[in-house]
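Comments concern the structure below.
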Amino acid sequence: MSTGNALRSSSALVTVSVLAVLVALPFVLTEFWTTNILVRAMVYGIVALSLTFLAYYGGLLSLAQMVVAGVAGYTIAVSVPGAIPENSLQIPYSLAIPLAVVLATVSGLLIGAIAVRTREIYLLMITLAIAVSFYFFVQANVEYLNGYEGIRNVLGPDIFGVPLRTPYVFYFVALATSFALYALVLYVSGSQFGLVLQGIRDNPRRLSALGYNVAHHRIAAFGVAGFIAGIGGVLITIYNIGISPGTVSTHSTISILIMSVIGGLGHPIGAFIGAVIFTIIDTFAADLYDRDRFNTLIGVVFLAIVVASPDGVTGLAKRAGDLLRGLRLIAPGAVAADPTLQANVPSKD
Amino acid sequence: MTSRLPAIELSKVSRRFGALKAVDDVTLSVAEGERRVILGPNGAGKTTLFNVVCGDYAPTSGRIAFFGQDITALPPYARARRGIGRTYQNSLLFNGLDVLENLYLAVRGVKPRRFSFLRPSRDDPHVKAARDIADRMRLSHKLHVTVDDLSHGQRRQLEVGMALASDPKLLMLDEPAAGLSPGDRPELLRLLRELPRSLTLILIEHDMDIALPVADLVTLMKDGSVVIESTPDKVEHDPAVQAIYLGEAV
């Protein structure tokens, strides 16, 4: 299929150029933009990616992804040296981070096992219930999680002797991690498991009649999403130099959902596009609009995007692409160069 | 022939939906390799019977045996792995995937190690099997077309192809000719006739030009029960069949 190859190589070209721009950006932008906008967008974007993965490939809309990120965040916060209040575990980051990701994956699987029989609005309600319970749990637990105040001074590991939180270092670590997870999602979507997952989204009944255990695959999808959100949770905790119940509040849960929806649930890249847009609005809304009411502005932008394009920014881009391709089909090659000819020349089939 | 175990055997199987007895005390036995056609007016319980055999609904009462083994309590995926393949009256396909991916999933579902995070390689035997099925269903030129963009006829071809892809022992086709153009019907008949004789086939079909030539035996259902079980030539001229079928369907 030549058109398929052309499409694939052109999308590879876009990916490489976007990546090149992202690598160059921190040398052009101010530190504020690099750290407060881009890094923040990437670390939260990873959690949004886990939500988009579940929604797009599995047809499963979960509000519990911030819980999973929180499990990973709290795991490193209660185990690494330097964290305040001091913990008795004192596990180095090189062990704490894998442990956090494993526990996040396990909690993803658990949430999947709880939610596996529910669909759509009921799935949304169950995962919302899990999110709210988790928030109240961490807030109430003073003994280990330090309750309302949470845990401070989680500084992150050193990378080759340089602290991770050095702006450039953190930027490139976040970028590499985001890209790796994004590539992972794209790879898995074409894998045996990814195809089964899309089959479940399109038609669970048929998939079952073909010999697949739908429930097991659904739970596994939550596990994969838990792995992704867990890595996001580790980075979020180091980015915020700690974690508190606010990180896993309903407000942040909804922020993640807004990122995914603004970006569009129709493609994994939407999670990051949505995260960048959300972070920019979230950061500057207070300057542009009444300090106490900047959430209204966020709400209005959210509504405007959803009304203009229900499938988010990626949906908008897809439609623009289709439109362009349509125009090119009508006026191919040389004819396109001469606009006066276009109207008179019948289109070649 | 009688000494061998029947491919599928239903003993006093019923399925109720509230007060409605969709399938009412059906006892039915289909021999290995047999072609059985199930006829009956709309609402006779034919599709419900399929759903009960394939595990979409558990029977309210009764027992189902597949080559002598009790499968009454098995979930649909376990029955598929034992060798029951089926199609649906309204195509149930994976609309977001392309033809090859649909067929690949169908080939892969009954094979071990179906849980893999790796992509199938280019020369994967299962991908090859999926391509062969596409060839057989005359869909080779549509391999990379998303199901959403297929014509109705092509969707029906894919529907049958997916049931065949798992290489089932028992194939159950629910109105495969539904919505096919007259030109596509001989093609379907050819396909049904070319099925290996080792395969057991149960077919729900209203089109007599397709149903009767392939049938060994015909079962007529009405209001959830089996009314007549006979050979096609007798059924064709049976006044009771004509009364039930023509009297109510027309």
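Every read-out reported here was derived from the displayed coordinates using simple, explicitly stated rules and does not represent laboratory data. Model, not experiment: these values are computed from the prediction. Glycine gets a Cβ as well: all are built from the backbone with ideal geometry, and neighbour counts include every protein chain shown.
A compact table of results
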read-out: Gyration tensor verdict on segment A:130-206 (Cα atoms; rounded if a/c is under 1.5, prolate if a/b is larger than b/c, oblate otherwise); value: oblate
read-out: Förster radius 22 Å - calculated FRET efficiency between residue B:140 and residue B:207, Cβ distance, rounded to 0.05; value: 0.25
read-out: Between helix B:99-108 and chain B: long-axis angle, C-alpha atoms, 0 to 90°, nearest 10; value: 70
read-out: Inter-chain Cβ neighbour average for residues A:191-204, partner chain, 10 Å; value: 6
read-out: Which of B:234, B:21, B:46 has the fewest Cβ neighbours within 10 Å, and the rest in rising order; value: B:234, B:21, B:46
read-out: Whichever aspartates and glutamates have a C-alpha closer than 15 Å to that of residue B:111, once near sequence neighbours (fewer than 8 apart) are set aside; value: B:124, B:167
read-out: Distance between segment B:79-106 and segment A:38-110 - C-alpha centres, whole angstrom; value: 37
read-out: Equivalent ellipsoid, segment B:13-106 (semi-axes from 5 times Cα gyration tensor eigenvalues, Å); value: 24, 17, 14
read-out: Distance between modelled label sites at residue B:236 and residue A:159, nm, 7 Å Cα→Cβ extension; value: 7.8
read-out: Reachable lysines from residue B:222, criterion Cα separation under 25 angstrom, eight or more residues apart if same chain; value: B:12, B:21, B:46, B:234
read-out: Angle between chain B longest axis and helix B:152-165 axis [Cα atoms, degrees, rounded to 10]; value: 90
read-out: Chain A: relative contact order in percent, alpha carbon pairs under 8 Å with at least 6 residues between; value: 27
read-out: Debye intensity ratio in log₁₀ form over the Cα atoms of segment B:174-250, taken at each q of 0.11, 0.14, 0.15, 0.20 Å⁻¹; value: -0.30, -0.50, -0.57, -0.98
read-out: Pairwise centroid distance, computed over Cα atoms, of segment A:140-208 with segment B:167-236, Å; value: 53
read-out: Prolate/oblate/rounded call for segment A:216-273, Cα gyration tensor, a/c under 1.5 rounded; value: oblate
read-out: Two-decimal log10 I(q)/I(0) for segment A:166-281, as the Debye equation yields it once each C-alpha is a single scatterer, q = 0.10 Å⁻¹; value: -0.38
read-out: Protection-proxy order for peptides A:295-305, A:243-253, each taking the mean of Cβ atoms within 10 Å per residue, highest first; value: A:243-253, A:295-305
read-out: Contact order relative to length of chain B, as percent, for alpha carbon pairs under 8 angstrom and 6 or more apart; value: 28
read-out: Cubic angstrom per residue, convex hull over Cα atoms of segment B:33-88; value: 102
read-out: Fully extended contour minus Cα-Cα distance, from residue A:303 to residue A:91, at 0.36 nm per residue; value: 71.8 nm
read-out: Ellipticity estimate at 222 nm from DSSP helix runs (n ≥ 4, -39,500 (n - 2.57)) divided over chain A, nearest 500; value: -23500 deg cm²/dmol
read-out: Alpha carbon Rg of segment A:1-128, scaled by the compact-globule rule 2.2 N^0.38 Å; value: 1.39
read-out: Sequence-distant residues sharing a close amide H with residue B:38 (under 5 Å, placed H); value: B:203, B:204, B:205, B:219
read-out: In nm, spacing of pseudo-spin labels at residue B:19 and residue A:169 (7 Å Cα→C-beta vector); value: 7.6
read-out: For segment B:94-167: rounded, prolate or oblate by the Cα gyration tensor [a/c cutoff 1.5]; value: prolate
read-out: Inverse mean reciprocal Cα-Cα distance (Kirkwood Rh) of segment B:150-214, Å; value: 12.1
read-out: Per-q log10 I(q)/I(0), segment A:31-325, q = 0.10, 0.15 Å⁻¹ (Debye; single scatterer per alpha-carbon; no solvent); value: -0.53, -1.18
read-out: Sequence of A:186, B:158 once ranked by neighbouring C-beta atoms within 10 Å, starting from the fewest; value: A:186, B:158
read-out: Exposed GluC sites (Glu not before Pro) absent: longest stretch of chain A, with sites in DSSP loops and at most 14 other Cβ within 10 Å deemed exposed; value: A:144-349
read-out: For chain B, share of DSSP beta bridges that run antiparallel, in % to the nearest 5; value: 55
read-out: Share of alpha-carbon pairs per 10 Å distance bin for segment A:63-139, given as whole %; value: 20, 42, 27, 10, 1
read-out: Contact order relative to length of segment A:143-301, as percent, for alpha carbon pairs under 8 angstrom and 6 or more apart; value: 22
read-out: When the convex hull of its Cα atoms is projected in every direction, mean area for the protein assembly as shown (nm²); value: 35.7
read-out: Folded to 0 to 90 degrees: helix B:125-136 orientation relative to chain B principal axis, Cα; value: 60
read-out: Computed P(r) (all Cα pairs; segment A:3-72; 5 Å bins; percent); value: 4, 13, 14, 15, 17, 17, 14, 6, 1
read-out: Volume per residue that the Cα convex hull of chain B spans, once the total is divided by residue count, Å³; value: 141
